[in-house]
Amino acid sequence: MSVACGVECVLVFGCARWLWKRCTYIGSYDSATWPSATAVEFEPVPRVCRIILAIYEPDLKNPQHYQPANGYRLNPDWVVKRVSYLETEGHAPPYIIYVDHDNREIVMAVRGLNLAKESDYKLLLDNKLGRQMFDGGYVHHGLLKSAVWLLNKESETLKRLWEENGSEYGMVFAGHSLGSGVVSLLSILVVNHRERLGGIPKEKIRCYAIAPARCMSLNLAVKYANVIHSIVLQDDFLPRTATPLEDIFKSIFCLPCLLFLVCLRDTFIPEDRKLRDPRRLYAPGRMYHIVERKFCRCGRFPPEVRTAIPVDGRFEHIVLSCNTTADHAIIWIEREAEKALQLMKDQDSTKTVTVPPTVQKFERLKTIEKEHKDALERAVSLNVPHAVDTAEKEPSENNEGEAASTSNGNKEAEAEAASSTVSKPSGGRLNWEEVVEKLLKKSQTDGDKHIDEDTNVPH
């Protein structure tokens, strides 16, 4: 009897300890060791959030949903194209193409999930864990198909805009929630097929994934951290939930129960086992974490932004909080990002300036490049699948011209490497025909009847 009582006490104590640790875990712990972001690198975030919000407006000249009191305002005359659900025919969420002449950017923004639209659910459900290999890793099949459709649909428009406005303009892809997964994979396609946008340099391409979905394997998330920037507000559930997207949104009306069960399940999965699973999907790129709440403290505090390219511990812990869904809302993310940016600018203005701003920007750029290199090496040391090839073949931005000239001198070898499979990396380049052919073949094998002629590559 005493032995049984002892076992019960141990079990009760263990469960109580686990429950205490999980219930007291807050979102700020994920980035506790990260350095603070700078105002220069974080400045585009509130701006792209407002461009995404413009997709929801029926009339851009008379906005109804959200009118910012200060800061950046979208100019309706610079909107090149607005595409609705009717025009996308279920291939992608609605999006907007906007030329921001003030900041010299060409922006394609994609909205998040619409709970009332069946086409968004079809896009999410078009996936099975480990179904789609891509560029040496795994990605969400439905989101990749949507990204391919978007590039086929709008590549000529984006190319024309970039050529008309001059080479000093950058190309920005932005999305929220479901749209963040689409633009993240679209950015990878564009980076590997820059000739479709007029040969735009890689350093001119940027992606901002707001409240990002887990859409790519860890090696790809680290490899493209110099292009893709993910923004997470405090306790947001989506970047932390390793459960496939289709399971999350099938259970959207019982989300707290699902999050608790996922939290319980992940407790018993060792960290090294998670890292060794090549099919496990992650939030993409460099992470920017907006932190505004503290443990056992009520209310919101002045937000601060922390940034890093994490490899192990990339938002792996579910936060059991009443704010997990509220922190996913684009309007809250925009407001807190704007507050954080203003605080960073105020802090910079109060500091004694001893170094010219151009020198500060150059030093920060070097730091970012070094962080990316260190993250690639960290992935190799942790035995992340396919990370060796990623680290060996990822060229730095400074050496991109040299890498391009080398690849031009070895076109035959590159073509031979690219013709093997889509999943095999080929010096940072993917064969476009292979990408589309693989998607078409995969969809036909699985009995997908929703692909039309627009998915084919134009010759």
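The values are calculated or read from the model by the stated rules, or taken from the named source; none is laboratory data. Here the structure is a predicted model, which means the values were calculated and not measured. Neighbour counts run over all protein chains shown; Cβ positions are idealised from the backbone, glycine included. The protein model used for the area step is the full one, side chains on, heavy atoms only, and it has no ligands, DNA or RNA in it. Shrake-Rupley method; radii C 1.70, N 1.55, O 1.52, S 1.80 Å.
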(request) Please state which of the following conditions Gln342 fails to meet, knowing it meets all the rest: (1) modelled with pLDDT under 90; (2) open to solvent by 40 Å² or more (accessible area, probe 1.4 Å). (result) (1)
(message) Given the criteria under 19 Å from Leu220 (Cβ atoms) and either assigned to a helix (DSSP H, G or I) or open to solvent by 50 Å² or more (accessible area, probe 1.4 Å) (or both), does Ala116 qualify?
(response) no
(message) Quick test of your reading of the structure: Val355 fulfils all but one of (1) surrounded by fewer than 16 Cβ atoms within 10 Å (Cβ to Cβ); (2) outside any loop (DSSP other than H, G, I, E, B); (3) modelled with pLDDT under 85. Name the failing condition by number.
(response) (2)
(request) Have a look at Lys122, Lys145 and point out the one that is out of contact with any Leu (no Cβ under 6 Å at 6 or more places or on another chain) and more than 19 Å from Ile205 (Cβ to Cβ). (result) Lys122
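Yes/no matrix, rows are residues, columns are (1) among the basic types (Lys, Arg); (2) open to solvent by less than 10 Å² (accessible area, probe 1.4 Å); (3) at negative phi:
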position	(1), (2), (3)
Leu186	no, yes, yes
Leu189	no, yes, yes
Asn192	no, yes, yes
Leu197	no, yes, yes
Pro201	no, no, yes
Met216	no, yes, yes
Ile231	no, yes, yes
Arg240	yes, yes, yes
(request) Considering only segment 130-149, state which residues are in a strand (DSSP E or B) and open to solvent by less than 10 Å² (accessible area, probe 1.4 Å). (result) Gln132, Phe134, Gly137, Val139
(request) Return a yes/no flag: does segment 189-199 have any residue that is farther than 27 Å from His386 by Cβ, out of contact with any strand residue (DSSP E or B) (no Cβ under 7 Å at 6 or more places or on another chain) and modelled with pLDDT under 95. (result) yes
(message) Among the listed residues Asp247, Asp272, Asp266, Asp236, identify the single one that is over 19 Å from Tyr121 (Cα atoms), touching a helix residue (DSSP H, G or I) at 6+ places or on another chain (Cβ under 9 Å), at pLDDT below 90 and of a type outside the set (S, T, N, Q).
(response) Asp266
